[in-house]
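A short write-up of the structure that comes next.
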Amino acid sequence: MKKKMIVCIMLMLWASCQQTGKRQADKSTGDTADKERTEQMRTHYAEGFRITSSGKIWLVDIQDPQKEEGASYHYALVPKDEQDISAPDGYERIPIPITKVVCMTSLQLSNFIKLDRQHLVAGITSTRHLFDPKMNEQLKTGQTRKIGIEGNFDTEIIIGMDPEIILISPFKRGGYEALKETGVPLIPHLGYKELTPLGQAEWIRLIGLLTGCEEEANERFDEIERKYNELKALTADVEERPVVFSGEMRGGNWYAVGGKSFLAQQFRDAGANYFLKDDTHSGGLTLDFEAVYSQAESAQYWRIVNSFDGEFSYDALRKEDNRYTDFKAFRDKGIIYCNLRKQPFYESAPSQPEVILADLIRVFHPDLLPDYEPVYYKLLK
């Protein structure tokens, strides 16, 4: 009898060990899978978001890429067919893939255009300078609707279209408090706060994950990254780096961005020096004409982006302010120009930093890309 009891106990202990071992093996396998999935979605340039895998869900943490401390946002992206899975504490549950979204900016819209997912965009704000034929057709048929402008959103239209998420820019003045009344989850898209072109473009990973095409988004970004870094390598050893400044007078002020800005980085990658390269600001600056002139009078190049009605020219610029003629870049025909009325700059360029870089290299160092035809930026004739 004792022998039988001993055998039974031994069998029970063996079974228990087997179960424990299986659980540990399952946990180890799950941990490995999570690490592999997390690595696939790890950001290399963007500082504003992080994606980690946790079983069948994705955890997304979003924060201001220009501040180590400040507001942060947390979302658990749960497959729609996993209704019983709840979000961890501190995370808002978002069923994915989404099929209907509201975009607040052209930068956000650029990700959907790059992924050919325009049909998911149910609402947008401004249609000014909107070129994309699919978006224009959707506006025409009512598949996509205008929701008003920042600070004056039409919440009734938003509720009526029943979107699953609204992408916002929370650090801009936008009246987003009113949007909370709709009950629709608000997800910040902070690509505009990134300080590098590849950092901004990498937000396509998040949009890909939200829309169920993360593999395609990763492939698109990998291609952007490869081309961008190949072009950047061309200027790594250039000895002569021309100086470039940007902007125009508007309402008595000259608006420029600081030396730590996204634009300054674009110029550096293209083999040029921004005229405020020693400035420590990452955001916008308000300067007077004299302050700009004192630092940019001898700069070789001048970048201008505007929506001029008609054919922009040196003569048109002279008529706006005769003092412009005192800049070397004006006298030597060194103006780099993009007309927003003719080019889809805001809706396409954010997802094509490699194209912007090639445009700038063609201007600053034409011998490096002798056969390249610029897309957005061209020297003004």
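The values are calculated or read from the model by the stated rules, or taken from the named source; none is laboratory data. As the structure is a computational prediction, the values presented were derived from the model and not from experiment. Every residue, glycine as well, gets a Cβ built from its backbone with ideal geometry; the counts of neighbours run over all protein chains shown. Quick note on the areas: whole protein, heavy atoms, side chains included, nothing else; ligands and nucleic acids left out. Shrake-Rupley method; radii C 1.70, N 1.55, O 1.52, S 1.80 Å.
In this structure, is LYS140 over 27 Å from GLY284 (Cα atoms), charged (D, E, K, R), open to solvent by 40 Å² or more (accessible area, probe 1.4 Å) and out of contact with any strand residue (DSSP E or B) (no Cβ under 8 Å at 6 or more places or on another chain)?
It is true that LYS140 is over 27 Å from GLY284 (Cα atoms), charged (D, E, K, R), open to solvent by 40 Å² or more (accessible area, probe 1.4 Å) and out of contact with any strand residue (DSSP E or B) (no Cβ under 8 Å at 6 or more places or on another chain).
Tell me yes or no: at least one residue of region 195-214 is aliphatic (A, V, I, L, M), open to solvent by less than 70 Å² (accessible area, probe 1.4 Å), part of a strand (DSSP E or B) and more than 30 Å from PHE327 (Cβ to Cβ).
No; the residues of region 195-214 include none that is aliphatic (A, V, I, L, M), open to solvent by less than 70 Å² (accessible area, probe 1.4 Å), part of a strand (DSSP E or B) and more than 30 Å from PHE327 (Cβ to Cβ).
Only one residue in ASP359, ASP326, ASP321 is acidic (Asp, Glu) and closer than 27 Å to LYS260 by Cβ. Which one?
ASP359
Name every residue in region 51-72 that is buried (at least 17 other Cβ atoms within 10 Å of the Cβ) and not small (Gly, Ala, Ser), in order of residue number.
Within region 51-72, ILE51, ILE57, TRP58, LEU59, VAL60, ILE62, GLN63, ASP64, PRO65 meet the criteria.
Just the residues that are farther than 20 Å from HIS129 by Cβ and β-branched (Val, Ile, Thr), please, taken from region 318-345.
Correct list: THR325, ILE335.
State all residues of region 183-192 that are open to solvent by 10 Å² or more (accessible area, probe 1.4 Å) and in contact with a helix residue (DSSP H, G or I) (Cβ under 9 Å, 6 or more places away or on another chain); if no residue qualifies, say none.
GLY183, VAL184, LEU186, TYR192, listed by residue number.
Condition check: under 18 Å from the mean Cα position of the chain (by Cα), open to solvent by 10 Å² or more (accessible area, probe 1.4 Å) and β-branched (Val, Ile, Thr). Does THR125 satisfy that?
It is true that THR125 is under 18 Å from the mean Cα position of the chain (by Cα), open to solvent by 10 Å² or more (accessible area, probe 1.4 Å) and β-branched (Val, Ile, Thr).
Starting from region 176-198, keep only residues that are within 18 Å of GLY283 (Cα to Cα), then list their pairs with residues that are basic (Lys, Arg) and open to solvent by 60 Å² or more (accessible area, probe 1.4 Å) whose Cβ atoms are within a distance under 7 Å, requiring at least 6 positions of separation or different chains.
That search, which allows pairs on different chains as well, returns LEU195/LYS260.
Can you say whether ILE159 is farther than 24 Å from ALA349 by Cβ, free of Cβ contacts under 8 Å to residues at least 40 places away in the same chain and either open to solvent by 70 Å² or more (accessible area, probe 1.4 Å) or of a type in the set (Ser, Thr, Tyr) (or both), as far as the supplied structure shows?
Judged against the criteria, ILE159 is a match.
ASP309 versus (1) loosely packed, with under 12 Cβ neighbours inside 10 Å; (2) in a helix (DSSP H, G or I): which is the lone unmet condition?
(2)
Which residues, counting only those in region 132-166, are within 20 Å of the chain's Cα centre (by Cα) and modelled with pLDDT of 95 or more?
Across region 132-166, the qualifying residues are ASP132, MET135, ILE165, ILE166.
ILE113 - would you say it is in contact with an Asp or Glu (Cβ under 9 Å, 6 or more places away or on another chain) and not in a loop (DSSP other than H, G, I, E, B)?
Yes.
Which residue is farthest from LYS193 (Cα to Cα), if the candidates are limited to region 225-265 and must be of a type in the set (S, T, N, Q) and within 20 Å of the chain's Cα centre (by Cα)?
Here the residue is ASN229.
For region 91-109, give me each residue that is open to solvent by less than 30 Å² (accessible area, probe 1.4 Å), closer than 12 Å to ILE207 by Cα and either out of contact with any Asp or Glu (no Cβ under 8 Å at 6 or more places or on another chain) or not aliphatic (A, V, I, L, M) (or both).
Across region 91-109, the qualifying residues are ILE96, CYS103, LEU107, GLN108.
Within region 300-315, count every residue that is in contact (Cβ under 8 Å) with a residue 40 or more places away in the chain and of a type outside the set (Phe, Trp, Tyr).
Here the count works out to 7.
Out of curiosity, is PHE153 more than 30 Å from ASP222 (Cα to Cα) and open to solvent by less than 50 Å² (accessible area, probe 1.4 Å)?
yes
Let's see how each residue does on (1) farther than 28 Å from GLU230 by Cβ; (2) of a type outside the set (Val, Ile, Thr):
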residue: SER294; (1), (2): yes, yes
residue: TYR314; (1), (2): yes, yes
residue: ASP321; (1), (2): yes, yes
residue: LYS328; (1), (2): yes, yes
residue: ILE356; (1), (2): no, no
residue: PRO366; (1), (2): no, yes
residue: TYR376; (1), (2): no, yes
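Would you check which residues across region 123-151 are within 17 Å of ARG341 (Cβ to Cβ) and part of a loop (DSSP other than H, G, I, E, B) and list them?
Those that are within 17 Å of ARG341 (Cβ to Cβ) and part of a loop (DSSP other than H, G, I, E, B): SER126, THR127, ARG128, HIS129, LEU130, PHE131, ASP132.
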